[in-house]
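Q: Supplied in structure tokens, the structure appears directly below.
Bear in mind these aren't lab numbers, they're just calculated from the coordinates by the rules spelled out. Computed from a prediction, not measured in an experiment: that's the story for all the values here. Every residue, glycine among them, receives a Cβ derived from its backbone with ideal geometry; neighbour counts consider all protein chains shown.
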Amino acid sequence: MTDIIIVGAGTAGLTAAIYAQRAGKSVMLFEGTAVGGQIINTPDVENYPGIAHTSGFEFANALFEQAKSFGAEIRYEAVKEIRDEGAVKKVLTGSGEYEAKAVILATGAKNRPLGLAREQDLIGHGISYCATCDGMFYRGKDVAVAGGGNTALEDALFLTNFCRHVYLIHRRDAFRGDEKNVSLLKAKENVEFVLNANVTSILGDDKVEGVEVTDKFSGEKRELPVSGFFIAVGQMPANEAFSGIVTLDDKGYISAGESCETGTAGIFTAGDCRTKEVRQLTTAASDGAVAALAAAKYVESLAE
Ligand code: NAP
């Protein structure tokens, strides 16, 4: 039986893998999509202590290699269910059943959709949730970004480097993201801020040909002719599979405080998937360390 199973190989899960193994525990790490988590979509990271500048992809890759170097077993399987049988936790994926003494849920969060008609159908045909991944397809073209957080600001900044014109659409006139990013964008000549506006429809049949925005106050509608529409309106958790084993808050995040304890003995949580105020790379890494050390202590307590 593995000592600790970690669900999710983003920053929190990979950090937990490092700390758990350094505490002498065997670790199995499950990842259902891509290793690295959300940070792989961030072009520039310059707020991680001790690293002046890196890309999200480079950061995730280095962290993955570091976790592997301690011997973690990685399984590319989505965890569908966890059964709490006291001292044994059963982890079920589509391909198998695994046993651990403790589990750390580090499932992160997924992109929040805007909920527009045909939004899902047009993914890959002009709609994208990842400027770093798909931006290059729109070289020399006009694009729009929706959102007012750091992701939207950084996506817009990234796209200004090679797109002809970038509309940044935000539902308010104040940004949630850092002032530094706003200032950098304001200095760009090919950015147009469309504020106090909501995207009300996607134009085009088989591919995006534009977006319709509606002014929040006047109700006036305007069509922006773009071939790419990047949606960056935050994240939402994906913890439904675990609602029977841990408590979720009203937004679907796993209820746990800074101790990363879920209230279910032997089940811990770390990173963006848990209830918290600040969701940053540093707080995900911090949670990974806290959860791993708590899980290691719990595993040791079983032997007493
Ligand atoms: P976020 O900070 O939660 O911002 C989401 C933005 O989308 C907000 O401006 C919000 O508007 C808007 N929004 C939400 N729902 C909407 C809707 N239905 N229609 C229109 N607009 C909507 O999300 P994020 O930008 O993805 O960032 C998540 C976390 O990661 C943040 O803590 C952020 O600082 C961090 N992050 C850090 C870096 C970095 O440090 N390099 C890079 C990227 C992200 P309102 O403001 O009106 O609510």
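Q: Test of understanding: in a Gaussian network model of the chain with alpha carbons linked when under 10 Å, which of Lys90, Lys276, Lys216 would top the mean-square fluctuation ranking?
A: Lys216
Q: What number comes out for the charge environment of Ile74, summing +1 per Lys or Arg and -1 per Asp or Glu over other residues with Cβ under 14 Å away?
A: -2
Q: Continuing with the same structure: So if each residue of separation counts as 0.36 nm, and I subtract the Cα-Cα distance between Val88 and Glu212, what length gain in nm does that give?
A: Using 0.36 nm per residue and subtracting the Cα-Cα distance, I get 39.3 nm.
Q: Using helices alone, I'd like the mean residue ellipticity at 222 nm for the chain: each DSSP H run of four-plus residues gives -39500 (n - 2.57), total over residue count, nearest 500.
A: So the calculated ellipticity at 222 nm is -7500 deg cm²/dmol.
Q: Further, regarding this structure: Evaluate the charge dipole of segment 127-231 about its Cα centre and quote only its size in Debye, nearest 20, assuming +1 on the Cβ of each Lys and Arg and -1 on the Cβ of each Asp and Glu.
A: 220
Q: Enumerate cysteines in the chain without a disulfide-compatible partner, where compatibility requires another Cys Cβ under 4.7 angstrom.
A: So far as the 4.7 Å Cβ criterion goes, Cys163, Cys260, Cys273 stand without a partner in the chain.
Q: Let me ask another. Starting at the first residue of segment 251-263, write each ³J(HN,Hα) from the Karplus equation 6.51 cos²θ - 1.76 cosθ + 1.60 with θ = phi - 60°, in whole Hz, x for Gly and Pro.
A: 9, x, 7, 6, 6, 6, x, 5, 6, 6, 8, 8, x
Q: Okay, moving on. Using amide H atoms built 1.01 Å from N in the peptide plane, name the residues 5+ places from Leu29, or on other chains, whose amide H lies under 5 Å from its own.
A: Ile6, Glu73, Ile74, Arg75
Q: Summing +1 for each Lys or Arg and -1 for each Asp or Glu, what net charge is found among the other residues whose Cβ lies under 11 Å from the Cβ of His53?
A: With Lys, Arg at +1 and Asp, Glu at -1, the neighbours total -3.
Q: Oh, and also: With a/c under 1.5 counting as rounded, go ahead and sort segment 127-231 into rounded, prolate or oblate using the C-alpha gyration tensor (a ≥ b ≥ c being the square roots of the eigenvalues; past the cut-off, prolate if a/b is larger than b/c, else oblate).
A: Oblate is the answer for segment 127-231, as a/c is 1.5 or above yet b/c matches or exceeds a/b.
Q: How charged is the neighbourhood of Glu85? Take every other residue with its Cβ under 13 Å from the Cβ of Glu85, and add Lys/Arg as +1 and Asp/Glu as -1.
A: The answer is 0.
Q: Report the extension gain between Asn111 and Gln280 in nm, rounded to one decimal, defined as 0.36 nm multiplied by the number of residues separating them, less their alpha carbon distance.
A: Extra length available between Asn111 and Gln280 comes to 59.3 nm.
Q: So, by mean Cβ neighbours within 10 angstrom, what's the order for 78-85, 4-11 with the highest one leading?
A: In decreasing order of mean packing, 78-85, 4-11 become 4-11, 78-85.
Q: Shifting gears a bit: Using alpha-carbon pairs under 8 Å, 6+ residues apart, how would you state the relative contact order of the chain in percent?
A: Reported as a whole number, the value is 21 percent.
Q: Less than 18 Å from a label point 7 Å out along the Cα-to-Cβ axis of Asn190: which backbone N atoms in segment 121-140 qualify, by residue?
A: 131-140
Q: Further, regarding this structure: Stretch Arg172-Ala34 to full length: gain in nm at 0.36 nm per residue minus the Cα-Cα span?
A: 46.4 nm
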